[in-house]
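Before any comments, here is the structure.
Taken together, the values in this text are just the output of simple stated rules run on the coordinates, not laboratory data. Note that the structure is a prediction, hence the values are computed from the model and not measured. All Cβ positions, glycine included, derive from the backbone under ideal geometry; neighbour counts span all protein chains shown.
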Amino acid sequence: MDNFKGVDYFNTESLLTQEEIMIRDTVRIFVSKQVLPLIEEHYSKGKFPMHLIPQMAEIGLLGPNLPEEYGCAGLNNVAYGLMMQELERGDSGIRSFASVQGSLVMYPIFTFGSEEQKNKWLPLLSKGEKIGCFGLTEPNHGSNPGGMETKAVKVDGGYLLNGTKMWITNGSIADIAIVWGKLKGKVMGFIVEKEFKGFSAPEIRGKHSLRASITSELIFDDVFVPDENILPKTTGLKNPLMCLNQARYGIAWGVVGAMLTCYETALNYAKSRIQFEKPIAAFQMTQEKLVYFLTEITKSQLLNIQMGRMKDNGTLKFAQVSLAKRNNCEKALEIARMSREILGANGISNEYPIMRHSANLESVKTYEGTHEMHTLIVGEDITGYSAFL
Amino acid sequence: MKIAVCISHVPDTATKINIADNGKEIDPAGVTYIINPYDEFAVEEALTTKETLGDDSEVIAISVGNDKNKETIKKALAMGVDSGVLLKIESQLDSFGIAKALAEEIKAQGCDLVFMGKQSVDFDNQIVGQMTSAILDYSCISVVVDFKLDGQDITCEREIEGGKEVVAAQLPCIITAQKGLNEPRYASLKGIMSAKKKTIEEKSAVETESNTEVIGLKKPPAKNPGRILGTDSSAVHELVRLLREEAKVI
């Protein structure tokens, strides 16, 4: 087992409570013991490690920030973020699984669902007995979800759903999909169950990124969704965007985990790799890179803790989440790429985690709002001018 | 039934240890402390036993030390232990002192079944369980890799050279846990959150004294650096020659 102790140049641990530290350490050990030994093999085979789901559920990693009455742990947002950070130290695909199940499936049921829907689905989802996915993006509508073509029509006893969703994490293994479609021009949420006639979820093959995660297309061909499966409190496009905001928050934390493992790998490598009769860590150009990594890690750690505290006290704006997601993903990808440079040719080998993280982070920088969209969201927030609407 | 599990708070085995200025203790600065790994097996076995009994049994964690031990007690509470007791001491005790303190508390709590690690990885005396049982006049089965309880009857397996030894005893009994007894559970996130609401009772350990005294701690002598004989196949002959003539191992 690796004995990862974290990277904490500015003693940010002193800003955490004992429970937050214990939660971080529990997930850290889980990742060291259960994720790291098998992740490279799953990644190269393009498989999600399904057997981890019951283990993740047992520890309580699925929807842990929801209340205890639905079988969840009731964590605060800092603890939730630390959990995401540790999961992504393992792999972005494992973190994505937890992000989708918690922030994009359990959160909308909790927030927009009826009491019956909450009681029926949340305990099953938190126990990992049912898997969920979230369908918003379409083949022709990524950054502009408002243009979605998926449509629902009211029929006797329910709705008829038609359309296609694309790039859906967990799609092919999901028992339920939270699907967003237009009903009389207004975006509404539906719980689509995998048994519903006319619903299929073929897996997208040929990915060079997030290979240890399932990504699918969702196809709805005259799918009948009964009345009781509409999310009754949904009122429009802002609802799925609220879900994305939850997920972005987790991503801003998660990518720090990828930064930590790339930094640690590059630092250890630089200290042991001898060229010109000295460790490459002794060269100024290597030190410049390592110091840059540590600086960006430290900034992200401080930003995340403050963001979490603000989320807990209800003062966090969605544009602030955008800033954190935008910054941290960009820096994580940069650190992964530059760590690869420090490892030279060895950096491309799966003996080291760097190339896997680098490839994963290409997706992470894009999903849940591209880098460009987050730029425009923060841009609008500070200038008052929307550059895209 | 009340089940006790005795846990100690020890430096992480991966921590670099420095000796304090007095030359008799380790310097705690910069040292990460963890629950003694063998005690984690003990906690797991106590919790499994309680779950198997399925009655109103409770598991109490007892630790001898100072305020810092509360972190370790909390870890046990997060794993599912019902409550904790911290027996505070002024200065480090030897195994006998710790055994006396534990025995007094086990008696006061009325615990008939006690689990603890076979040894703590700090001082490695491997004797507290046996001493505690002698003081209490309990049975003791040490270094256990399998534990079964049927009413008052206990059957345990111990690893011995080339095989296994099956040992039977009756309650009250102390079991010391060896690696292999079980796979300790993770503290679940829910467990960590609910540990906040569980109590840790703090009291002074009974008046105790040590039978032995630590006179000094010393680090092992630095290892001589290795020798590189060469990097190609011509070094093999030299290596064989040195193994035969200098090290005299072949």
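The slack between A:Lys197 and A:Asp8, meaning 0.36 nm per residue of separation minus the straight C-alpha distance, is 62.9 nm. Extending 7 Å from the Cα toward the beta-carbon at both A:Asn144 and B:Ser194 defines two label points whose distance is 5.1 nm. Which angle from 0 to 90°, rounded to the nearest 10, does the C-alpha axis of helix A:77-90 make with the longest principal axis of chain A? Once rounded, the angle reads 70 degrees.
A straight chain from A:Glu69 to A:Ile382 at 0.36 nm per residue would run longer than the Cα-Cα distance by 108.7 nm.
Reported value for chain A: 136 Å³ per residue, from the convex hull of its C-alpha atoms. By other beta-carbon atoms within 10 Å, ranking A:Glu288, B:Glu40, A:Glu88 with the fewest at the front produces A:Glu288, B:Glu40, A:Glu88. May I ask you to derive the FRET efficiency for B:Thr48 and B:Ile17 from their Cβ-Cβ distance with R0 = 45 Å, giving the value to the nearest 0.05? Efficiency, rounded to the nearest 0.05: 0.85. Return one number: the angle in degrees, 0 to 90 and rounded to the nearest 10, between the long axis of the Cα atoms of helix A:284-312 and the longest principal axis of the Cα atoms of chain A. Its long axis makes an angle of about 40 degrees. Arranged from fewest to most other beta-carbon atoms within 10 Å of their beta carbon, A:Phe283, A:Phe97 become A:Phe283, A:Phe97. Using every pair of distinct Cα positions in the stretch A:108-265, the Kirkwood expression returns a hydrodynamic radius of 16.4 angstrom. For the pair A:Glu115 and A:Val155, the difference between a 0.36 nm per residue extended length and the Cα-Cα distance amounts to 12.0 nm.
Legend: ranking of residues A:Cys329, B:Cys140, B:Cys156, B:Cys6 from fewest to most surrounding C-beta atoms inside 10 Å; resulting order B:Cys140, B:Cys156, A:Cys329, B:Cys6.
Screening chain B for DSSP H helices whose Cα atoms reach 24 Å or more along their own axis and whose mean Kyte hydropathy is at least -1.0 gives B:37-53. Here the calculated FRET efficiency for A:Asp312 and B:Glu58, from their Cβ-Cβ distance with R0 = 41 Å, stands at 0.75, rounded to the nearest 0.05. Of the GluC sites (Glu not before Pro) in the stretch B:44-102, the ones in a loop by DSSP (not H, G, I, E or B) with at most 14 other beta carbons within 10 Å are B:Glu90. Who wins for biggest fluctuation among B:Asn182, B:Asn18, B:Asn224 in a Gaussian network model of chain B, springs between alpha carbons below 10 Å? Fluctuation is largest for B:Asn224.
Entry note: the stretch A:191-249 has Rg to Rh equal to 1.04, where both radii use alpha-carbon atoms and Rh is the Kirkwood radius.
Model label sites at B:Ala134 and B:Asp122, defined 7 Å from Cα along the beta-carbon direction, differ in position by 2.2 nm.
Given R₀ = 56 Å, FRET efficiency for B:Leu242-A:Glu372 by Cβ-Cβ distance, to 0.05? It comes to 0.30.
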